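**Q** Okay, handing you the structure first.
The values are calculated or read from the model by the stated rules, or taken from the named source; none is laboratory data. Keep in mind it's a predicted model, so treat the numbers as computed, not measured. Cβ sites come from the backbone with ideal geometry, for glycine too, and all protein chains shown count toward neighbours.
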Amino acid sequence: MKKFFGISILLLGLVSPGYGQGLVFKGIGGGLGFIAASMDNGNGSSTSLSGFLLAAHADLGEIAKDISLIPDITYWGTKKNSLKLSDFGVNANAHYNIVARGPFKPYVGAGLGYNSLRSELTLGGVIAGGGTASSSVSRLGINLLAGGNYKLNEMWTFIIEPRYVLASDFDHFAVKAGLTYALN
């Protein structure tokens with residue numbers, strides 16, 4: 001969790017008005033969500049898990065006509081029987097904003113993410129005298145997104161975003177809802 005907040009602060013410190021060509025630090029936000037994951041057990045079977053997601057994001061504005069850059073940081077953890085699993089992700093996503101009238105603005109998008117996965121298995125007393133076994137792996141993932149922004153007022157926008165992450169032997173699906181606060 002410390003890593004989550006440390007990278008969040010680093011991301012916010014690196015991104016400032018005028019950063020990049022034509023990018024403007026337009027807003028910040030966060031959200032909560034639900035995750036469903038399937039983990040390859042390496043023996044032809046898989047384990048399905050689900051849990052809750054925390055997220056923080058920045059709106060860096062448009063990098064091209066109707067294409068916004070929205071980096072985010074996510075953390076989720078879950079437990080199933082004797083298995084604990086968590087993922088910390090740093091993502092760079094681009095949203096193609098579909099032109100629509102009214103306060104609801106749909107988008108589709110894609111991005112690249114770095115996922116740091118940690119698993120911990122509690123062993124029973126019969127196997128190796130009990131204890132725990134843990135491992136950590138890092139995976140690059142491809143994010144496929146769709147969602148929408150609903151402008152609540154001049155400062156606040158509600159977001160909803162389903163996302164599918166292709167990450168080698170650890171694909172997962174998440175649905176996130178949250179708010180973005182406008183900084184301009």
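**Q** Determine if the range 165-182 includes at least one residue that is among the charged types (D, E, K, R) and under 16 Å from the mean Cα position of the chain (by Cα).
**A** For the range 165-182, residues among the charged types (D, E, K, R) and under 16 Å from the mean Cα position of the chain (by Cα): present.
**Q** Which residue, of Ala36, Ala55, is buried (at least 17 other Cβ atoms within 10 Å of the Cβ) and in a strand (DSSP E or B)?
**A** Ala55
**Q** Determine which member of the set Val90, Val99 is within 24 Å of Gly27 (Cα to Cα), of a type in the set (Val, Ile, Thr) and not in a strand (DSSP E or B).
**A** Val99
**Q** Would you check which residues across the range 95-126 are touching a residue at least 40 places away in the same chain (Cβ under 8 Å) and among the aliphatic types (A, V, I, L, M) and list them?
**A** Leu117, Leu123
**Q** Can you name the number of the only condition in (1) more than 20 Å from Lys80 (Cα to Cα); (2) at pLDDT 90 or above; (3) surrounded by fewer than 12 Cβ atoms within 10 Å (Cβ to Cβ); (4) not charged (D, E, K, R) that Ser136 fails?
**A** Unmet condition: (1).
**Q** If a residue has to be surrounded by fewer than 15 Cβ atoms within 10 Å (Cβ to Cβ) and either at negative phi or in a strand (DSSP E or B) (or both) to count, how many in the range 65-87 make the cut?
**A** Summing the residues that are surrounded by fewer than 15 Cβ atoms within 10 Å (Cβ to Cβ) and either at negative phi or in a strand (DSSP E or B) (or both) in the range 65-87 gives 6.
**Q** Kindly check whether there is at least one residue in the range 121-132 that is part of a strand (DSSP E or B) and touching a Phe, Trp or Tyr at 6+ places or on another chain (Cβ under 6 Å).
**A** no
**Q** To continue, here is another question. Within the range 163-184, take every residue that is at pLDDT below 95 and among the charged types (D, E, K, R) and give me the one that is surrounded by the fewest Cβ atoms within 10 Å (Cβ to Cβ).
**A** That would be Asp169.
**Q** List the pairs whose first member sits in the range 140-162 and is under 20 Å from Ala110 (Cα atoms) and at pLDDT below 95, whose second member is buried (at least 20 other Cβ atoms within 10 Å of the Cβ) and aliphatic (A, V, I, L, M), and whose Cβ atoms are under 7 Å apart, counting only residues at least 6 apart or on separate chains?
**A** Gly141/Val165; Gly141/Ala167
**Q** If you scan the range 22-45, which residues turn out to be under 25 Å from Trp156 (Cβ atoms) and modelled with pLDDT under 75?
**A** Gly22, Leu23
**Q** With the requirement that a residue be polar (S, T, N, Q) and in a loop (DSSP other than H, G, I, E, B), what does the range 148-184 give you?
**A** Asn153, Ser168, Asn184, listed by residue number.
**Q** Might you check whether a residue that is over 15 Å from Met39 (Cβ atoms) and either exposed (fewer than 11 other Cβ atoms within 10 Å of the Cβ) or touching a helix residue (DSSP H, G or I) at 6+ places or on another chain (Cβ under 7 Å) (or both) occurs anywhere in the range 106-121?
**A** No, the range 106-121 contains no residue that is over 15 Å from Met39 (Cβ atoms) and either exposed (fewer than 11 other Cβ atoms within 10 Å of the Cβ) or touching a helix residue (DSSP H, G or I) at 6+ places or on another chain (Cβ under 7 Å) (or both).
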